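These notes concern the structure reproduced below.
The values are calculated or read from the model by the stated rules, or taken from the named source; none is laboratory data. All of these numbers come straight from a predicted model, not from anything done at the bench. No Cβ is skipped: glycine too gets one built from the backbone with ideal geometry, and neighbour counts run over all protein chains shown. We work out accessible area using only protein heavy atoms, side chains counted, and drop any ligands, DNA or RNA first. Shrake-Rupley method; radii C 1.70, N 1.55, O 1.52, S 1.80 Å.
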Amino acid sequence: MNTQSGTTTRILLIGYEGVQALDVVGPMEVFAAANLFKSEHTPPYELLLASPTGGSIKCSSAGGIHLGDAIALDAVPNNIDTVIVAGGSEDALRKVIFETSLIAWLKLRVSSTRRLASVCTGAFVLAAGGFLDGKRATTHWNSTGLLKQLRPQIEVEPDAIFVAEPPVYTSAGITAGIDLCLALVEADCGAQTALSVARQLVLFMRRPGGQAQFSSSLAVQVRATPRLRKLVTEILEDPTGDLSGPVLAMRAGMSERTFSRLFHKETGTTPAHFVETARIGRAKMLLETSNWPLARIAEHSGFGSLHALHRVFRKRLGITPAFYRDCFSAI
């Protein structure tokens, strides 16, 4: 749906005490930049900031950052096109979900709103209201397991940067909200405007890779109980060699069937998927910190061949190892 010339689309960002500042400011900057590049007659967007009670919003950021002049929810105009709920700390989310009128307000307004979106852990607000039931959704990689646990009705996609299930949209950790809003600008105003915004803000038009780009191996290590944590740590420290199911089961002192079942129960993933993730993590580290040839990186990260390294990067990250090195290498 393209924003028609001469019309203004109202975008409402919702914050609350303990909100992540960048979850609010990042999306606002994207829409504000779009106004600079597509304003032949009327700027395409009007941006509004709201909170349950209005006024100043104290953010979770250290240093006491406040966002000022928020509108109270009961004073928000009727004709809102897009509502975006920002993420925040766990305590802040509990308070805004259980101690304010936000959920009730969203339920009242959702039928007259074209798009309902969340940034990062703002997905938990949408989940609490039932807006994600039966839909695909995502949130910060470190919270996807909790989201699935709290609301099994949601098809959680842990590696997605953002998920579009119109009229609901969810995005991953913090800056992924910027990616989502850039996609919304492209849908509203066209690819050229979105490209201009991306250039202005020095963004990828479409970010390569998914959340696997930001390794979740540590989360698996933390979730594992002591009986598997030692093995998980060993795999992360050295993902080379034979790490097949039978070999790992033998190292854990279990039958292969018991090991596979227990590993999935404790970590939320399969042994094979975790080994592949560990090898990707090692390869990314080597790509970022060394100038080794790609074949040597493949060997030292456990892939065995350059072809395997390319295949897995394409499958899991959507990019080549060389492109990853170009983007993130410190060499």
The Cα radius of gyration of region 1-148, divided by 2.2 N^0.38 Å with N its residue count, comes to 1.04
In the chain, lysine pairs 8 or more places apart or on different chains with C-alpha atoms under 28 Å apart total 19
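Show me the ranking of peptides 273-279, 80-86 by mean Cβ neighbours inside 10 Å, starting with the highest. Walk me through the numbers before you get to the answer.
On the way: 273-279: 21.3, 80-86: 24.6.
Answer by packing, highest mean first, reads 80-86, 273-279.
Rounded to the nearest 500, what is the chain's calculated 222 nm mean residue ellipticity when only DSSP H runs of at least 4 contribute -39500 (n - 2.57) each, over all residues?
-14000 deg cm²/dmol
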Net lengthening on full extension, THR240/HIS300 (0.36 nm per residue, minus Cα-Cα): 20.9 nm
Taking a probe of 1.4 Å and leaving out DNA, RNA and ligands, the chain shows per residue an accessible area in Å² of 47 Å²
When the dipole is taken about the Cα centre of region 80-204, and only Lys, Arg (+1) and Asp, Glu (-1) are charged at their Cβ, what size is it in debye, to the nearest 20? 240 debye
Only four residue types carry charge here, +1 at the Cβ of Lys and Arg and -1 at the Cβ of Asp and Glu. Report the dipole size of region 219-288 about the Cα centre in Debye, rounded to the nearest 20. 300 debye
Where the accessible area of the chain is counted over protein heavy atoms with a 1.4 Å probe, how much of it, in %, is carbon and sulfur? 54 percent
At 1.306 mPa s and 10 °C, Stokes diffusion of the chain via Kirkwood alpha-carbon radius, µm² per second: 74 µm²/s
Rolling a 1.4 angstrom probe over the protein chains, ignoring ligands and nucleic acids, what is the accessible area of ASP238 in square angstrom, nearest 10? 80 Å²
Taking a crude spin-label model, label points 7 Å out from Cα along the C-beta direction, the GLN192 to SER101 distance in nm is 4.5 nm
Given +1 on the Cβ of Lys and Arg, -1 on the Cβ of Asp and Glu, and no further charges, what dipole in debye does the chain carry about its Cα centre, rounded to the nearest 20? 900 debye
Check: C-alpha center region 55-89 vs C-alpha center region 256-318, spacing in Å is 41 Å
When the Cα atoms of region 52-120 are enclosed in a convex hull and the volume is divided per residue, what value in Å³ results? 94 Å³
Using a 1.4 angstrom probe and counting only protein chains, how large is the accessible area of TRP141 in Å², to 10? 60 Å²
Principal axes first, then extents: for the Cα atoms of region 135-194, list largest minus smallest coordinate on each axis, whole Å, largest first. 40, 21, 12
